[in-house]
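The structure under discussion appears below in the form of structure tokens.
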Amino acid sequence: TGVHVKFPPEAFVRTRFQHARPIGFGILGRYTGTVFWNSEDHLGESNQVDLERPLAPSTLLRWSNSLTITQESDGWDRGTDLSLLHKLSPKSAVTLAGGVSGSSQPAWIAERHRVIVNYRRNVLRKWLFLEWEPGVHWDRQEDGGRKPVLEATIRAEILFIGAEPPRQDGGRDQP
């Protein structure tokens with residue numbers, strides 16, 4: 001759950017299912033299904049397929065493809081991104097990504113091109129992350145032209161991870 005801080009603010013709730021499986025040649029395939037509600041688009045669902053391949057111990061190449069539909073959309077929104085992720089330290093990473101997105105209505109046309117750089121850092125606790133994401137996008141205009149628009153996002157994320165079951169011996173090491 002959360003709130004996108006913009007005008008007007010946008011509240012959201014979402015849950016997701018994720019499954020990953022090696023598919024060969026060092027490539028990991030990942031499926032993510034998300035069901036969500038937000039105050040702008042109302043109820044919706046999104047499906048994403050990622051293919052990931054390590055290029056070096058701290059560097060990963062990811063190709064992501066998604067389809068999303070909401071109560072307020074005329075059809076499916078789709079997108080594809082190619083990302084290069086690099087771990088800078090145990091607490092920080094940087095991503096360079098480019099992508100294309102659009103809608104199925106009125107036709108499958110690329111409506112937005114974008115390039116971003118994302119810096120992610122673990123702060124204060126092992127479960128708290130801050131991100132800074134500057135970028136530029138080119139939206140398709142009615143005359144077919146494109147004009148660059150600068151953008152920047154600051155994001156805070158809390159990561160919930162399952163816990164081990166409590167030990168039956170009260171937490172003491174057995175001899």
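What part of the accessible area of region 94-145, given as a whole %, is carbon or sulfur when the probe is 1.4 angstrom?
59
Per residue, the accessible area of region 1-123 comes to 65 Å² when a 1.4 Å probe rolls over the protein heavy atoms.
Over region 1-55, with every protein chain in place, what whole percent of the accessible area is carbon and sulfur at 1.4 Å, could you tell me?
The nonpolar share, carbon plus sulfur, comes to 63 percent.
Potential lengthening of the chain between Ala152 and Leu128 amounts to 6.6 nm, from the contour at 0.36 nm per residue minus the alpha-carbon distance. Could you tell me the calculated FRET efficiency between Thr1 and Ser58, based on Cβ-Cβ distance and R0 = 30 angstrom, to the nearest 0.05? It comes out at approximately 0.35.
When the surface is traced with a 1.4 Å probe over the full set of protein chains, Val149 keeps roughly 60 Å² accessible.
Label-to-label distance for Glu142 and His42 is 2.7 nm, based on points extended 7 Å past Cα in the beta-carbon direction. A Förster radius of 41 Å combined with the Cβ-Cβ distance from Glu10 to Leu82 puts the calculated FRET efficiency at roughly 0.90. The residues packed around Gly79, meaning those with a beta-carbon under 13 Å from its beta-carbon, carry a net charge of -1 if Lys and Arg are +1 and Asp and Glu are -1.
Taken one residue at a time, the phi angles of region 84-90 give Karplus couplings (6.51, -1.76, 1.60, θ = phi - 60°) of 10, 10, 9, 7, 7, 7, x Hz. Gly and Pro are set to x. Computed from backbone phi with θ = phi - 60° and the Karplus coefficients 6.51, -1.76 and 1.60, the 3J(HN,Hα) list for region 147-156 is 10, x, 10, 7, 9, 8, 10, 10, 9, 10 Hz; x is used for glycine and proline. Taking every C-alpha pair closer than 8 Å and separated by at least 6 residues, the mean separation divided by the residue count of the chain gives a relative contact order of 10 percent.
The residue among Gly98, Trp127, Gly79 whose Cα reaches farthest toward the positive pole of the charge dipole of the chain, with charges on the beta-carbon of Lys, Arg, Asp and Glu, is Trp127.
The values are calculated or read from the model by the stated rules, or taken from the named source; none is laboratory data. These numbers were taken from a predicted model, which means no experiment stands behind them. FYI the Cβ positions are ideal-geometry reconstructions off the backbone, even for glycines, and counts take in every protein chain you see. For the accessible areas, the whole protein counts, side chains as well, though only heavy atoms, and no ligand, DNA or RNA atoms are used. Shrake-Rupley method; radii C 1.70, N 1.55, O 1.52, S 1.80 Å.
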